[in-house]
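The values are calculated or read from the model by the stated rules, or taken from the named source; none is laboratory data. The model shown is predicted, which means the values in this text are computed figures rather than measured ones. Cβ sites come from the backbone with ideal geometry, for glycine too, and all protein chains shown count toward neighbours.
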Number of protein chains: 4
Amino acid sequence: MSVLVRFGVSLEGRLLDKFDRLIRKRGYATRSEALRDLIRQELVKKEWEEDQEVAGTITFIYDHHRRGLSSRLTDLQHDHQEIIISTQHIHLDHHNCLEIVAVQGRASGVQKLANALRSVKGVRHGALSMTSTGKSIE
Amino acid sequence: MSVLVRFGVSLEGRLLDKFDRLIRKRGYATRSEALRDLIRQELVKKEWEEDQEVAGTITFIYDHHRRGLSSRLTDLQHDHQEIIISTQHIHLDHHNCLEIVAVQGRASGVQKLANALRSVKGVRHGALSMTSTGKSIE
Amino acid sequence: MSVLVRFGVSLEGRLLDKFDRLIRKRGYATRSEALRDLIRQELVKKEWEEDQEVAGTITFIYDHHRRGLSSRLTDLQHDHQEIIISTQHIHLDHHNCLEIVAVQGRASGVQKLANALRSVKGVRHGALSMTSTGKSIE
Amino acid sequence: MSVLVRFGVSLEGRLLDKFDRLIRKRGYATRSEALRDLIRQELVKKEWEEDQEVAGTITFIYDHHRRGLSSRLTDLQHDHQEIIISTQHIHLDHHNCLEIVAVQGRASGVQKLANALRSVKGVRHGALSMTSTGKSIE
């Protein structure tokens, strides 16, 4: 973590009131923290747009009773092991599995893997969560 | 516009450097302006989530050669005239029309109208742009 | 418009029931129309991701009392007239103007103009609505 | 899994060509599978909009060197244990941790927890991935 720098910001009083109400509701202790988070959100969006090194999670659900499906999903993950950190598997109910793959790599590679997992027959839904390796938002 | 209030913000030096590069690239003159915009973005999101009075545009494209389509779209707009401010019509090419409906009203009503226009047979694509009446972000 | 092609789709019965309920609620007359729209949505997303020729609207609000602001916004639009089709201006209230710029051009150029308009001092909120020129989704 | 139902869909030939190219690129074996996925995407969006029972993942990154942070995050998770299924912790580098919380519950509760985790001082970025319990998209 780097040294804290202090600077002044000018804002319309009414707008500041609204912001204060919003951040209190969201549980922030100070304006600086809330603004820091807004800034980081923008920087993370930029990382993904510029195809930089990112981190994220690919979440998908499928029916594990479907013959051969688990092994196809495992094979596909092994083919991309250079960007997969680990996988968490959750039994949602008798049929549905939730699998969460933590990934780190170039944004385009992560998106490609998410598309590939999503399009496997029997995968019911897939979602990609975009976050950062943390380095560029320290 | 209300009176400007000045307050101090503390941020990690490295994070501030990255933010400064980002806002320079986007053409902002000062940090205050860039932060003001991030704050307003959040407030506008909140307006829509909380089903407040909002403004926006519904944009859709369709083939005007399709018999009866224009009049169906006009009828539908008249049925919702209480939230429609005005409509702009653009001839994209020989077939395709771009129609832009400026709307103001409750978020849920605007979304319902957008869905209705989008689902008319012959409408090729519809998009809803969410902005504010301006009052809550002054 | 091109010739209609008919093909068969297999879907789980329960899933189809849910889909039928959803599209009835949204006002679609047939499954074909609803599926056509889902397909077009995906194609339009792809156009934007692949930086193709697109159409869209840039919507922003600002306070027209702010000295020099209107002319800066007009200047900026003139500098990008090759992608701007037309502009619609709406007086939301005594202070707030809603301006809607219809655009057509490369996705990256449209996004750059949206960022530029949004970052002008005094512009309170800006939103970009992504649609298509219609050609690629006929 | 329920019984497969077969039905016919009519689509413009040119549009179908484009769709076929898109789904081949994404790795789908048949049109039915690709359409099934588009339908499920819409149904999952609806689940979240209507505040139904959903599943998802909350992903966030933080610096574990920050004193007291890990225990605050753990406490917060315990306070919401009724919607948390499990948590996966990944060491991205010397400083940055990636924590992935698998959740199941009402959409509004999940979103509230995501906001709470995101706003803890020291959490650098948080993202919410929205998927389904699988039941409503079988």
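The table below gives the values:
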| read-out | value |
| --- | --- |
| In segment C:88-104, the residues that are touching a residue at least 40 places away in the same chain (Cβ under 8 Å) and within 10 Å of B:S86 (Cβ to Cβ) | C:I100 |
| Scan of segment A:3-29 for residues that are more than 24 Å from the chain's Cα centre (by Cα) and in a helix (DSSP H, G or I), ordered by number | A:G13, A:R14, A:L15, A:L16, A:D17, A:K18, A:F19, A:D20, A:R21, A:R24 |
| Selected residue (only one of C:A127, C:A102, C:A107, C:A55 is more than 7 Å from every other protein chain (Cβ to nearest Cβ), of a type in the set (A, V, I, L, M) and either crowded, with 17+ Cβ neighbours inside 10 Å or closer than 27 Å to B:Y28 by Cα (or both)) | C:A107 |
| Subset of segment C:19-61 (residues that are under 23 Å from B:Q88 (Cβ atoms) and of a type in the set (K, R)) | C:R40 |
| D:E82 being in contact with a strand residue (DSSP E or B) (Cβ under 6 Å, 6 or more places away or on another chain) and assigned by TED's automatic domain parsing to the domain that holds D:A114 | no |
| Single residue of segment A:8-44 satisfying the filter (of a type outside the set (V, I, T) and in contact (Cβ under 8 Å) with a residue 40 or more places away in the chain) that is surrounded by the most Cβ atoms within 10 Å (Cβ to Cβ) | A:R40 |
| Entirely in segment D:30-138, the strands (runs of 3 or more DSSP E) that have 2 or more residues that are closer than 30 Å to C:V9 by Cβ and out of contact with any helix residue (DSSP H, G or I) (no Cβ under 7 Å at 6 or more places or on another chain) | D:53-63 |
| Every residue from segment A:100-121 that is hydroxyl-bearing (S, T, Y) and over 20 Å from D:I39 (Cα atoms) | A:S108 |
| Only listed residue being among the acidic types (D, E) and under 14 Å from the mean Cα position of the chain (by Cα), chosen from B:E33, B:E47 | B:E47 |
| Top-ranked residue in segment A:58-90 [being at the interface with another protein chain (Cβ under 7 Å from one of its Cβ atoms) and among the polar types (S, T, N, Q); ranked as surrounded by the most Cβ atoms within 10 Å (Cβ to Cβ)] | A:T59 |
